[in-house]
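Below is one structure, written out as structure tokens; the observations come after it.
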Amino acid sequence: MEKVLERSEVKKEDTWDVESIYSTIDLWQEDYKRCRMAISSLEEQKETFLKNARNFKEFIIQSDQVDRLLEKIYVYASLKNNEDMANTQYQELLGKSENLYQEYSEKLNFVVPYILKEDKKKIESFMEEEEELMPFRHMIEDTLRYQNHHLSEVEEKVIAAYNTVLSSASKTADMLMDADMRFGNILDEDGNEVELTQSNYSTYICSKDRRVRKDAFLKMHQVFGNFKNTLATTLESTVKCNSVTARLKNFDSSLELSLFGNNIPTVLYHNLIRVVHDNLEPLYKYFSVKKKKLGLEEFHLYDGYVSTVLDITKKYSFEEGKQLVLDALSVLGDDYIHVLEKAFADRWIDIYPNRGKTSGAYSSGTYDTKPFVLLNYMGDYSDVSTLAHELGHSMHSYLSNTHNEHTNASYPIFLAEIASTVNELLLSYYMENHADTKEEKLAIINERLDTFKGTIYRQTMFAEFELYMHDAVDKGEVLTAEMLCDKYYELNKLYFGDDVVVDHDIRYEWLRIPHFYRPFYVYQYATGLSIASYIAQNILEGKDGFRNQYLEFLSSGGKDDPLELLKIVDVDLTDTKVLQKSLTMFKETVDTFEQLQS
């Protein structure tokens, strides 16, 4: 067993170069003080910043400068804290930066309401009069979209205050699920008694031992079923809050309210559900292939997660993983690879675990820093895939920051997972094509199929369930536990098909899905993978000029609405071409998987 290193024992070349942000904490403290003064200065302009075009311009430019500085202050503190969560000095820096964000939010909360109270033509005239406002045009126009959905200052404050109270329902659910609920014990594959938790459930539901995965499935969902009325009530509170807000702000539905921020038409949401419904047969076939391979007379829901192929036990050193990523992504061209090599050489990446380091992986940075990557690299294939994924985020950020002013550099959440998923897919296809054995190729394909199953099909099922809940409340219906359980069971029957035994206890699975407390978010997982699949396929097929289109998309940041930016890569989500093509890719992969296993 390898020793867990202290942070001080990790080689410098294996850590990220956070000191490039601030070489000393004293310099961070200086910027912290400067930022607080700048926030107060902006607050003092409350009654004058809309007086004329010049005042407005100076206020917007100063606000942008404060945003940049605040981001830099926060990211440094966050990264240092994540290096060693037990370091009290870094805890203090992070706490101070979070408090500074709160102060900024409270002191500048007048800006949007004041802009929306003004005549739209007046704000537009400011932009025509002051050329320096041109980089801020999209941001300002995006703010003005809310004029028909904005109430008086007092009304907005009341709604915000009540939303804060009502949003506590999700905290109640989190506390119940994470702290208070107990799921009892099961016997693991070796016959040892172990406590079942939400954390280790994902391990046991994938067990090769059918008894283990069945016991885990039944015990987990039966316990949730015991709390169905309480959790139905907390979820209904969230749904009602969204519905009331939509009605007060003059939206036609909760769905329209939730999609308005990204300027997404509701037809996109409905298209996703419809196209997935039209392409359920390949999913049914996938389950049929798994059933046959596992040699089961009946295929239950708890059999859906176990792999039918050997796990990839091969280990990859970081240098080997790095080279695989570079080779797999070489199809993106020399310029892309040159920046990737810069990422490795210039210490964007914090590679290995150390005592106190935060778990998981992410990409994080600001306009004025490197787009850093945190890993906990252990050498599994999943770690290589994670490296490709996080570098996709960082490359998106790097190209966006390089080609845009600060105000337009940050890309919207709706687009955030595309670049990372493209990288994952390119690596997956590369590994499939360069597999040493049939078993290794099958393992790669199996992982990709499970990604499609879990991200497009499963998240769309969640999205359809969400739509049912919110539409019901918008119509004035009361959500009951039985009503929701029945609908969720019905959806599972539809998505899994007649050849799968849809176990009764799946009725309670919706109770443990935390994303339902963030209305209409999960559909973005499905659309993101669909778009990424379309992009990866066009790149691998060498579609003329497409690679340059993709790099242009990555370089566009957030200078326009998401659907407009996607047109750069020939993606129009108001039709169904891209969604259909991704599911055709899934079908073809299922066929290949079946042929290889025969």
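The values are calculated or read from the model by the stated rules, or taken from the named source; none is laboratory data. The shown structure was predicted, so the numbers you read here are calculated from the model rather than taken from an experiment. As a convention, Cβ positions derive from the backbone with ideal geometry for all residues, glycine included, and neighbour counts pool all protein chains shown.
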Of the residues in segment 257-269, those that are buried (at least 18 other Cβ atoms within 10 Å of the Cβ) and not aliphatic (A, V, I, L, M) come to Ser258, Tyr269
Sort out which residues of segment 219-258 are farther than 21 Å from Ala173 by Cβ and out of contact with any helix residue (DSSP H, G or I) (no Cβ under 6 Å at 6 or more places or on another chain), and write them in order of number. Arg247, Leu248, Asp252
Would you check which residues across segment 270-326 are among the basic types (Lys, Arg), crowded, with 19+ Cβ neighbours inside 10 Å and under 27 Å from the mean Cα position of the chain (by Cα) and list them? Lys322
Arg355 is checked against (1) under 18 Å from Val75 (Cα atoms); (2) surrounded by fewer than 18 Cβ atoms within 10 Å (Cβ to Cβ); (3) in contact with an Asp or Glu (Cβ under 6 Å, 6 or more places away or on another chain) and fails just one. What number does that condition carry? (1)
Options Met175, Met220: the member that is touching a residue at least 24 places away in the same chain (Cβ under 8 Å) and either farther than 26 Å from Leu296 by Cβ or hydrophobic (A, V, I, L, M, F, W, C) (or both): Met220
Is there a residue in segment 58-68 that is charged (D, E, K, R), within 29 Å of Gly360 (Cα to Cα) and assigned by TED's automatic domain parsing to the domain that holds Lys120? yes
Could you please let me know if Ser400 is of a type in the set (Ser, Thr, Tyr) and surrounded by fewer than 19 Cβ atoms within 10 Å (Cβ to Cβ)? no
Which listed residue is part of a helix (DSSP H, G or I) and surrounded by fewer than 20 Cβ atoms within 10 Å (Cβ to Cβ), from Met431, Met483: Met483
Which residue is nearest to Gln459 (Cα to Cα), if the candidates are limited to segment 252-269 and must be of a type in the set (Ser, Thr, Tyr) and within 22 Å of the chain's Cα centre (by Cα)? Tyr269
Options Val75, Val18; residue that is more than 30 Å from Glu141 (Cα to Cα), in contact with a strand residue (DSSP E or B) (Cβ under 8 Å, 6 or more places away or on another chain) and at pLDDT 95 or above: Val18
Number of positions in segment 202-229 that are assigned to a helix (DSSP H, G or I) and modelled with pLDDT under 95: 2
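Kindly establish whether Tyr286 is assigned to a helix (DSSP H, G or I) and under 21 Å from Ser207 (Cα atoms).
Considered against the rule, which asks whether it is assigned to a helix (DSSP H, G or I) and under 21 Å from Ser207 (Cα atoms), Tyr286 comes out as yes.
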Would a scan of segment 54-63 turn up a residue that is surrounded by 14 or more Cβ atoms within 10 Å (Cβ to Cβ), part of a loop (DSSP other than H, G, I, E, B) and hydrophobic (A, V, I, L, M, F, W, C)? no
Quick check: is even one residue across segment 528-540 aliphatic (A, V, I, L, M), modelled with pLDDT of 95 or more, closer than 23 Å to Phe260 by Cβ and part of a helix (DSSP H, G or I)? yes
If we ask which residues in segment 1-38 are surrounded by 15 or more Cβ atoms within 10 Å (Cβ to Cβ) and in a loop (DSSP other than H, G, I, E, B), their number turns out to be 7
Would you pick out the residues in segment 501-512 that are within 30 Å of the chain's Cα centre (by Cα) and hydrophobic (A, V, I, L, M, F, W, C)? Val502, Ile506, Trp510, Leu511
Tell me whether segment 183-194 contains one or more residues that are surrounded by fewer than 18 Cβ atoms within 10 Å (Cβ to Cβ) and under 29 Å from Met469 (Cβ atoms). no
(1) surrounded by fewer than 17 Cβ atoms within 10 Å (Cβ to Cβ); (2) within 30 Å of Asp450 (Cβ to Cβ); (3) of a type in the set (Ser, Thr, Tyr): which one isn't true of Tyr162, the others all being true? (2)
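Can you tell me which residues in segment 509-526 are of a type in the set (A, V, I, L, M, F, W, C) and crowded, with 20+ Cβ neighbours inside 10 Å? Please lay out each step first, then the result.
Quick first cut of segment 509-526, residues of a type in the set (A, V, I, L, M, F, W, C) only: 510-511, 513, 516, 520, 522, 526.
Within segment 509-526, Trp510, Leu511, Phe516, Phe520, Val522, Ala526 meet the criteria.
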If you take the residues of segment 127-166 that are outside any helix (DSSP H, G or I) and within 23 Å of Cys241 (Cβ to Cβ), which of them is nearest to the chain's Cα centre (by Cα)? His150
Matching residues in segment 68-110 - criterion: being touching a Ser or Thr at 6+ places or on another chain (Cβ under 8 Å), under 29 Å from Leu151 (Cα atoms) and outside any helix (DSSP H, G or I): Leu108
Subset of segment 483-508 (residues that are over 23 Å from Ser288 (Cα atoms) and touching a residue at least 12 places away in the same chain (Cβ under 8 Å)): Leu484, Cys485, Asp486, Lys487, Tyr508
Give segment 419-451 a look and list any residue that's among the hydrophobic types (A, V, I, L, M, F, W, C) and more than 28 Å from the chain's Cα centre (by Cα), or say none. Ala435
Going by what's in this entry, would Lys559 be described as within 17 Å of Leu425 (Cβ to Cβ) and either touching a residue at least 60 places away in the same chain (Cβ under 8 Å) or within 20 Å of the chain's Cα centre (by Cα) (or both)? no
